[in-house]
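One structure below.
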Amino acid sequence: MSTIAHERFEAVIGLEVHAQLLTESKAFASVSTEFGGAPNTQITPLCLGHPGTLPVLNENHVRYSVRMGLATHCKIARKSIFARKNYFYPDLPKGYQISQYETPICFDGHIFIEVDDYEKRIGLTRIHMEEDAGKSIHDQDPNNTLVDLNRAGVPLIEIVSEPDIRTPAEAYAYLTKIKQIVQYLEICDGNMEEGSLRCDANISVRPRGQEEFGTRTELKNLNSFRNVEHALEFEIERQIELIESGGEVVQQTLLWDANKMQTRQMRSKEEAHDYRYFPEPDIPPVVVTEQLLKNVQSSLPEMPDERQKRFVDELGLSEIDAVTLTQNRYLADYFEEVLRHHSNVKAAANLVMTEVLRVLNEKSIDIRDFTLEPARLADLISLKEGDKINSSAMQTIFNRMLEDEASPEALADKMNLLQVSDTGFVEPIINDVLQNHPDEVERYKNGKKQLIGFFIGQVMQKSKGKANPKQVRELIVEKIDG
């Protein structure tokens, strides 16, 4: 199937993102939410749906939801209610999910995404609170489906976008921005592999210029941003080919098979009335007070777009460098901590974006697990800025610093990488190089100035890398040009 933009049709995409919140206990029960526990060990009678159990709302569920709402320019409902969403599935013991329906806690927000060479505003219909269901496991027993209820009752927010997304690339950019925001707010770790960030997509196509939406399908089982992008590409082409061949798109829920790179039907699509929503009788309305709103507002960190702008306006970084350094809150924190110990912004940015990010990618670790302290990295930069080492030595010393706690200068000395700026050491080597290459000296004098690089290279080779290239250049020019 081709993923080239279609001339006659356009896609209309809306995304529903579920973010698992980093609260210590569940939404309505005081039991741990920590990932990785033995199956069915983090449960209570409430999680199991036992009669007579009553839910008690986790206050941080409300705080984190408001936090996300304010960060995405939402209006905050001063009074919202929970509802029961009724459906039957093995991993939902109560037979209903506590969610919000008619009155979400946050609504009418937006974020901005950047795709290629344009910026686009994506509206947010709502952000509402709900609890997670358990997990059905189909691949550990050949004859049975296993159920783990550790996840049942874990607090979630569901972030529902307006149908403003038109391409798979825009969907990818949107999800990337949502992940970045929840991580900056420290309300969700954004780990799709562990299920703490999950996405469903609603997709339809329509002739270009038509305002009416086409029949939509819903895509599930999207466990990575790239899978979302690939699934949308496939479904857009499938619907267009179906319409062009005279068929009709059927409203249904589809699963994405990442191995076969295609969708398959899961069930016909439910509508809201199929869930028989009604107000949750055991939980009073959620009231967001003025004081709560002020407290949450005052605790918000500098958001990625604001930080990126500051890095450009105040630090003088390029847009590309600022985007790279602010993609992760903790990477930006690390970079700014380096700057507290060394003021050369460009040198610090270059080292973080090259060597530090290289190690993080090679080891598949987060910057918070990176063992090299910002102050030591700043010392390494100072060593280079003071012309005590060259760029090649800087990289060699950086690699050694990952496993050796000695200072950069001590390592440079130990590895015999310190540059020598003593004229008495360098001048005889320069004289020898110039005497052994009279033809090149003559050509340099006749205007072939690029030969300076040849002379410097010869001196560096004879000095075994110890000479200071800047000093070498100055002395060579002085000796040849007089």
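Restricted to segment 410-441, and to residues there that are touching a strand residue (DSSP E or B) at 6+ places or on another chain (Cβ under 8 Å) and assigned to a helix (DSSP H, G or I), the residue that is surrounded by the fewest Cβ atoms within 10 Å (Cβ to Cβ) is PHE425. Is it the case, given these coordinates, that ALA322 is in contact with an Asp or Glu (Cβ under 9 Å, 6 or more places away or on another chain) and of a type in the set (Gly, Ala, Ser)? The answer is no for ALA322.
Being surrounded by fewer than 17 Cβ atoms within 10 Å (Cβ to Cβ) and at pLDDT 95 or above: is that true of ARG78 here? It is true that ARG78 is surrounded by fewer than 17 Cβ atoms within 10 Å (Cβ to Cβ) and at pLDDT 95 or above. List the residue pairs whose Cβ atoms are under 9 Å apart, where the first residue sits in segment 463-482 and is under 14 Å from LEU417 (Cβ atoms), the second is of a type in the set (Gly, Ala, Ser) and in a helix (DSSP H, G or I), and the two are 6 or more positions apart or on different chains. Cβ pairs passing all conditions: GLY465/SER392; GLY465/ALA393.
When you go through GLU290, GLU229 one by one, which is the residue that is surrounded by fewer than 18 Cβ atoms within 10 Å (Cβ to Cβ) and either of a type outside the set (Gly, Ala, Ser) or free of Cβ contacts under 8 Å to residues at least 60 places away in the same chain (or both)? Of the residues listed, the single one that is surrounded by fewer than 18 Cβ atoms within 10 Å (Cβ to Cβ) and either of a type outside the set (Gly, Ala, Ser) or free of Cβ contacts under 8 Å to residues at least 60 places away in the same chain (or both) is GLU290.
Listed by position, the strands (runs of 3 or more DSSP E) contained in segment 104-195 that have at least 3 residues being touching a Cys at 6+ places or on another chain (Cβ under 7 Å) are 106-115, 118-131.
The number of residues in segment 272-331 that are closer than 30 Å to ASP117 by Cβ and among the polar types (S, T, N, Q) comes to 6. Of everything in segment 1-33 that is modelled with pLDDT under 95 and hydroxyl-bearing (Ser, Thr, Tyr), the residue that is farthest from ASP200 (Cα to Cα) is SER30. Would you confirm, using the coordinates I've provided, whether LEU146 is surrounded by fewer than 19 Cβ atoms within 10 Å (Cβ to Cβ) and aliphatic (A, V, I, L, M)? It is true that LEU146 is surrounded by fewer than 19 Cβ atoms within 10 Å (Cβ to Cβ) and aliphatic (A, V, I, L, M).
Of the residues LYS179, LYS260, the single one that is crowded, with 19+ Cβ neighbours inside 10 Å and without any contact (Cβ under 8 Å) to a residue 60 or more places away in the chain is LYS179.
Residues of segment 78-99 include at least one that is part of a strand (DSSP E or B), closer than 14 Å to GLY153 by Cβ and among the hydroxyl-bearing types (Ser, Thr, Tyr). Only a single criterion out of (1) more than 21 Å from GLU280 (Cα to Cα); (2) buried (at least 18 other Cβ atoms within 10 Å of the Cβ); (3) of a type in the set (Val, Ile, Thr) is not satisfied by VAL66, namely (1). For segment 385-398, what are the residues that are within 23 Å of THR324 (Cα to Cα) and either surrounded by 13 or more Cβ atoms within 10 Å (Cβ to Cβ) or assigned by TED's automatic domain parsing to the domain that holds VAL472 (or both)? Hits for segment 385-398 are MET394, GLN395, PHE398. Scanning segment 125-144 for residues that are over 19 Å from PHE35 (Cα atoms) and acidic (Asp, Glu), we see that the one that is modelled with the highest pLDDT is ASP141.
Just one of the listed residues (GLY465, GLY447, GLY453, GLY457) is exposed (fewer than 14 other Cβ atoms within 10 Å of the Cβ), within 30 Å of VAL359 (Cβ to Cβ), more than 40 Å from the chain's Cα centre (by Cα) and of a type outside the set (Lys, Arg), namely GLY457.
Within segment 30-62, restricting attention to residues that are buried (at least 21 other Cβ atoms within 10 Å of the Cβ) and in a loop (DSSP other than H, G, I, E, B), the residue that is nearest to the chain's Cα centre (by Cα) is THR33.
When the helices (runs of 4 or more DSSP H) confined to segment 282-370 are screened for residues that are acidic (Asp, Glu), those reaching at least 3 such residues are found at 304-313, 329-341. Can you find a residue in segment 362-376 that is more than 14 Å from ASN399 (Cα to Cα), modelled with pLDDT of 95 or more, crowded, with 19+ Cβ neighbours inside 10 Å and touching a helix residue (DSSP H, G or I) at 6+ places or on another chain (Cβ under 9 Å)? Yes, the conditions are met somewhere in segment 362-376.
The values are calculated or read from the model by the stated rules, or taken from the named source; none is laboratory data. Every value quoted in this text rests on a predicted model; they were computed, and no experiment measured them. We place every Cβ from the backbone using ideal geometry, glycine too, and count neighbours over all the protein chains shown.
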